[in-house]
Amino acid sequence: MVKSLLIALLLFASPFAYSQWNSMTIDPAKRMEMVDFLTDDLGYAMLIIDQTGAKTLEKTTDGGMTWTVMPLPASSQEFQAFRFSASGVGVAVFRNLQNTVTPTMIYQTLNDGMSWQDISPDSTVTGIGNASCQFLNPDTGYFAAGEKIYRTTDGGNNWTAQAFGRYVVSMDFIDALHGTLGFFDGTFNYFGSMKTTSDGGATWITTDLTEIGSVIGEVGQLTPSVSYAAPVKSGAYNKLKFFKTSNNGTTWDTIFVPDTLQDASLADIHFKDVSNGVVALTSFSGIIYLYETADGGATWTFQDSLTGSYIGDLQLTSNSGYLAGGEAGRFYKLQSTLSVQEAAKDLVQVFPNPLVSGQQLSWEATARFDRLTVLDLRGNIVHQAALQTSAAYLPTLPAGMYLLKLHGVGASKTTRIIVK
């Protein structure tokens, strides 16, 4: 009975069902910087070799269990961005400061990097060290460097360019007509802005921000009319909010994220549809807190906490998610759609549950845990303790639902408990 109740709580209390971010292993000499998953299992990633700073492009077809290094078109140049529109079909942006005519170059592959074609415009700008790109299919695509965005509808044979007077740092298009751009004004105030289009870039609606550190480092076009823009990465700091539009940029609503960490800041964000999304918060304490929403950001539920203070990229897929960054040799995968049988197998069996405030709590698990954390559903830590056995007394707590996290060497488990 207790087991059935616990599984039901995990499967139905959250829009992501049984949600936990599990550590995945990669080459210990590398850090994962950027991810682009097309399905739950098929994805691409940019990794940095710590010792040299060189970057690799790698592919997985088994949800991150194994990765294969792909050939790059210009290994001696600065690899800045990539994006794939289908398996094997993608583009990558490089910068060569010795090239004064086309310092920023874009290449396309149709066969997973076995061959690359230079499809760059006749002239490009140098930019400020970052670029963004997105092709919707082999013919139609965009890339941005510096203050310019470039667009093609014939696979790079011809390009149109637009200059905005501000630096483009993020982009996302849902189709050839509808997209959102995020900007940096180029000053030490790090002001941000958003531009939206509904005609492929012929015209734009602009919203300028006046808060210091509001550079829009992440945007997502969810439908032709709904998109979000977040002050994360790229010079943004100390923000606990993002912006969302339901009328393609005519107006933007301010959406606040939970404020539960000292010196917290929104580090990354991703929505897989207009309702379901995840935000990651970091602080100087070296902890990453993740929250999920099922109502577009109106309410948030604590999802998990991870060790680390640096996030490279966050992406949700249909039934999972990926978190890049942090220490070398690992990244995180969201396990959120286990069946009842799988959940029962993976769960830590906690009993009694529900329990009376102050009562002893016990659990059964194959892993050994040495630390316990209890959090409320907003992510506030209400109790912590060292562990010697598979049992612990809880303090006096108000009635309600809590998150119990058990920590051990190389293992951690998060589950929900009810205090009567």
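The values are calculated or read from the model by the stated rules, or taken from the named source; none is laboratory data. Owing to the predicted nature of the structure, the values given are computational and were not obtained by experimental measurement. Every residue, glycine among them, receives a Cβ derived from its backbone with ideal geometry; neighbour counts consider all protein chains shown. Accessible surface areas use protein heavy atoms only, side chains included; no ligands, DNA or RNA. Shrake-Rupley method; radii C 1.70, N 1.55, O 1.52, S 1.80 Å.
Just to verify a result, which residue in region 166-195, among those that are in a strand (DSSP E or B) and of a type in the set (S, T, N, Q), is surrounded by the most Cβ atoms within 10 Å (Cβ to Cβ)?
The extreme case among them is Thr180.
In region 40-64, which residue that is touching a residue at least 40 places away in the same chain (Cβ under 8 Å) and part of a loop (DSSP other than H, G, I, E, B) is farthest from the chain's Cα centre (by Cα)?
Among residues in region 40-64 that are touching a residue at least 40 places away in the same chain (Cβ under 8 Å) and part of a loop (DSSP other than H, G, I, E, B), the one farthest from the chain's Cα centre (by Cα) is Asp50.
Can you pull out every residue in region 386-420 that is at pLDDT below 85, open to solvent by 50 Å² or more (accessible area, probe 1.4 Å) and of a type in the set (Gly, Ala, Ser)?
The one that is at pLDDT below 85, open to solvent by 50 Å² or more (accessible area, probe 1.4 Å) and of a type in the set (Gly, Ala, Ser): Gly410.
On the basis of being outside any strand (DSSP E or B) and touching a strand residue (DSSP E or B) at 6+ places or on another chain (Cβ under 7 Å), does Ala74 make the cut?
It is true that Ala74 is outside any strand (DSSP E or B) and touching a strand residue (DSSP E or B) at 6+ places or on another chain (Cβ under 7 Å).
Only one of (1) under 30 Å from Ser318 (Cβ atoms); (2) open to solvent by less than 30 Å² (accessible area, probe 1.4 Å); (3) among the small types (Gly, Ala, Ser) fails for Ser225. Which number is that?
Ser225 satisfies every listed condition except (2).
Given (1) at pLDDT below 85; (2) under 16 Å from Thr414 (Cβ atoms), identify the lone condition not met by Val340.
Only one criterion in (1) at pLDDT below 85; (2) under 16 Å from Thr414 (Cβ atoms) is unmet by Val340, namely (2).
Taking region 91-143 as the search range and keeping residues that are open to solvent by 20 Å² or more (accessible area, probe 1.4 Å) and among the small types (Gly, Ala, Ser), which one is farthest from Ala54 (Cα to Cα)?
Filtering first and then ranking leaves Ser123.
Looking only at region 213-241, count how many residues are in a loop (DSSP other than H, G, I, E, B), β-branched (Val, Ile, Thr) and under 14 Å from the mean Cα position of the chain (by Cα).
Counting residues in region 213-241 that are in a loop (DSSP other than H, G, I, E, B), β-branched (Val, Ile, Thr) and under 14 Å from the mean Cα position of the chain (by Cα) gives 1.
What number of residues within region 312-325 are under 23 Å from Ile49 (Cβ atoms) and crowded, with 22+ Cβ neighbours inside 10 Å?
Here the count works out to 5.
Check whether at least one residue in region 297-310 is of a type in the set (D, E, K, R) and without any contact (Cβ under 8 Å) to a residue 60 or more places away in the chain, and report yes or no.
Within region 297-310, none of the residues are of a type in the set (D, E, K, R) and without any contact (Cβ under 8 Å) to a residue 60 or more places away in the chain.
Could you tell me whether any residue of region 101-118 is among the aromatic types (Phe, Trp, Tyr), more than 17 Å from Ile311 (Cα to Cα) and in a loop (DSSP other than H, G, I, E, B)?
Yes.
For region 127-165, enumerate the residues that are in a loop (DSSP other than H, G, I, E, B) and more than 22 Å from Ser87 (Cα to Cα).
Hits for region 127-165 are Gly127, Ile128, Gly129, Asn130, Gly146, Glu147, Asn157, Asn158, Trp159, Phe164, Gly165.
Please go through region 21-64 and give me each residue that is β-branched (Val, Ile, Thr), farther than 25 Å from Asn319 by Cβ and open to solvent by less than 40 Å² (accessible area, probe 1.4 Å), ordered by number.
Ile48, Thr56
Select from region 232-243 the residues that are open to solvent by less than 30 Å² (accessible area, probe 1.4 Å), in contact with a Gly (Cβ under 6 Å, 6 or more places away or on another chain) and either modelled with pLDDT of 90 or more or on the phi > 0 side of the Ramachandran plot (or both) and list them in ascending order.
Once the filter is applied, which keeps residues that are open to solvent by less than 30 Å² (accessible area, probe 1.4 Å), in contact with a Gly (Cβ under 6 Å, 6 or more places away or on another chain) and either modelled with pLDDT of 90 or more or on the phi > 0 side of the Ramachandran plot (or both), region 232-243 yields only Val232.
Given the criteria touching a Ser or Thr at 6+ places or on another chain (Cβ under 8 Å) and within 16 Å of Phe184 (Cβ to Cβ), does Pro224 qualify?
The answer is no for Pro224.
Which numbered condition in (1) aliphatic (A, V, I, L, M); (2) open to solvent by 40 Å² or more (accessible area, probe 1.4 Å); (3) farther than 18 Å from Tyr228 by Cβ is the only one that Ile205 fails?
Among (1) aliphatic (A, V, I, L, M); (2) open to solvent by 40 Å² or more (accessible area, probe 1.4 Å); (3) farther than 18 Å from Tyr228 by Cβ, the lone unmet condition for Ile205 is (3).
What strands (runs of 3 or more DSSP E), lying completely within region 360-420, carry at least 1 residues that are over 31 Å from the mean Cα position of the chain (by Cα)?
Because the criterion is at least 1 residues that are over 31 Å from the mean Cα position of the chain (by Cα), the strands (runs of 3 or more DSSP E) in region 360-420 that meet it are 360-364, 381-386, 391-393, 411-419.
Using the structure shown, decide if His383 is under 30 Å from Ala267 (Cα atoms), open to solvent by 10 Å² or more (accessible area, probe 1.4 Å) and modelled with pLDDT of 85 or more.
yes
Within region 98-129, work out how many residues are of a type outside the set (S, T, N, Q) and over 21 Å from Trp159 (Cβ atoms).
Summing the residues that are of a type outside the set (S, T, N, Q) and over 21 Å from Trp159 (Cβ atoms) in region 98-129 gives 4.
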